[in-house]
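Below: one structure, written as structure tokens.
Taken together, the values in this text are just the output of simple stated rules run on the coordinates, not laboratory data. Model, not experiment: these values are computed from the prediction. Cβ sites come from the backbone with ideal geometry, for glycine too, and all protein chains shown count toward neighbours.
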Amino acid sequence: MTKANIKYFIVAVLAFLILTQDLPAQKRIAGFGSSVCNGTGDELNLGGYIGRFRDIAARHGWEVISVSRGGDNTVTIQDRWEKTTTAPLKPVSDNQYLIPAKPDYIILGLSLANEGIRKDIKSSRDSVFTRFQNGILRIIRQCDSLGIRVVIANCYPHSFYTPDQYDAIKQMNLFINTLPYPGINLLGTIDDGSGHWAEGFYRDEGHPSSGGHREMSFAIVPTLFDALEKGKPQPPQKILQHKNNLNKRFPENTGLVTSISDTMHSFTVSFSMNNLSDGEILSIDALGASADTSVYLYKENTRKGLTVRASDQRLNRMLRIKDGILSYVSGNSILASAGIDQRNTIRLSVTHNTALGETRIYLNDKKIVNVNERLIPEGFSFQNCDKNGTGNILVYRSSLNDDEIGAVCGGALLKSSLEIFSPLDETYGKGDKSIENLAQSESKLVLRQ
């Protein structure tokens, strides 16, 4: 090696040392749960919803792994903290123990089905419900003691759930939303409205297909872990009360805009207004989407599944009010409409389930519009905030069901898959301004005039 080469080599080594010595260690997220959390049903072997989130998280500097085991519940999962001399209840491989994986965060992914909620006797179902609640809290306490932070994946569908069992799932998810921990609303991405998997998005009664796992992965707020790592606190448990004359806070002709930085499928946009006037309220910029058929083998049988794909068609959906009629509009076409009382403070919620192909609009806690369509949203705009007295904007990465809409209208702030929460309780001046977002994310809502 010549002297010149030696010189260049030394410079290169020093530069490498300088560039890397202050780089933080990559943070790790582990999926810790049962078969769905482990990717069962994913015929493409991409690791299920946890595996698909791995690619999204990597763009934000996170490593995602899975230490899940099929069939686990809040009891059997207890033998997977670390190896001990006690024989495990079920076979455990080395990569299914939590503590040796050294995660900074876990996504806790268990189900009421494995816990035994499908028992016929109501008293048994009630005991299972309570055991699951206590078990989740016990796991959280253990993680807290180890310095591992927890994000809770909410309960999800099963093809054999009865109406009573579906009610239990929804009630459990409402309970999870009361805990001081972030959550992921998996149910709202793939629920057919009765607690079963959306048609075409499941492999068997207990597991989603590849297309189903993909839909579930979009319910995870992409910047959630960035926000947690920076110490962003939990949002309040209650939605702040909508005060009178909130329209006085905004300059004339004010709009609020948020864009979607990472792919979103199912969504809910919910907001209150206290001074409704004729005109545009909400605009949704989106791509059209279709559910394409894929064929795969399951137990030597040919199965057909669906996967949502975006089209090149750009769509705009608009909410408008005129003469007491609320219209859901596409271009010059009215897709649906309903009467509305413009004299009172109201909450409007637009919720879309991409797998199911359905948009629902609620006036307070009552569904008033139902439209069959598939959308992939790219941004939301709120118009005439000054005239309408817009307040308490919520944006979720999942479709809220009737019970959840009712809870929001009752003042509860559901945190699972919450990307934006802006109370809008300040007075704003003219020009572009980033509005405070209390949700645990780094998404922005911008005031524009």
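Summary table below
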| quantity | calculated |
| --- | --- |
| Residues W81, W62 arranged by fewest to most Cβ contacts within 10 Å | W81, W62 |
| Most mobile listed residue (V36, V221, V257) in the chain, GNM with C-alpha springs under 10 Å | V257 |
| Structure-based [θ]222 nm, the chain - -39500 (n - 2.57) summed over DSSP H runs of at least 4, per residue, nearest 500 | -7000 deg cm²/dmol |
| Tail weight of P(r) past 37 Å, computed on alpha-carbon pairs of the chain, percent | 29 |
| From the C-alpha gyration tensor of region 100-140, square roots of 5λ in Å | 27, 10, 6 |
| Gyration tensor (alpha-carbon) shape descriptor, region 319-370, a/c threshold 1.5 | oblate |
| Selected from G231, L418, G212, residue furthest toward positive end of dipole (the chain; charges at beta carbon) | G231 |
| With 5 Å bins from 0: P(r) over region 306-414, alpha-carbon pairs, percent | 2, 10, 20, 25, 23, 13, 5, 2, 0 |
| Top of F175, F382, F218 by mean-square fluctuation, Gaussian network on the chain, Cα under 10 Å | F175 |
| Mean separation of Cα contacts under 8 Å (6+ apart) over length of region 97-255, as relative contact order % | 19 |
| Cα-centre dipole for region 21-229 with unit charges at Cβ (Lys and Arg positive, Asp and Glu negative), debye to 20 | 480 |
| For region 385-449, Kirkwood radius (reciprocal of mean inverse C-alpha pair distance, Å) | 13.0 |
| Charge dipole (debye, nearest 20) of the chain; +1 at Cβ of Lys and Arg, -1 at Cβ of Asp and Glu | 740 |
| Projected area, mean over directions - region 21-229, Cα convex hull, nm² | 12.2 |
| Convex hull volume of region 99-174 per residue (C-alpha atoms, cubic angstrom) | 90 |
| log₁₀ of I(q)/I(0) at q = 0.09, 0.17, 0.22 Å⁻¹ - region 228-345, Debye sum with one point per alpha carbon | -0.45, -1.10, -1.36 |
| Top of L186, L414, L228 by mean-square fluctuation, Gaussian network on the chain, Cα under 10 Å | L228 |
| Surrounding net charge for P208, when Lys and Arg each add one and Asp and Glu each subtract one, Cβ distance under 14 Å | -4 |
| Net charge of Cβ neighbours under 11 Å - reference A227; Lys, Arg +1; Asp, Glu -1 | -2 |
| Antiparallel bridge percentage (DSSP; both residues within region 21-229; nearest 5) | 15 |
| Relative contact order computed over the chain (Cα-Cα under 8 Å; 6+ residues apart), in percent | 16 |
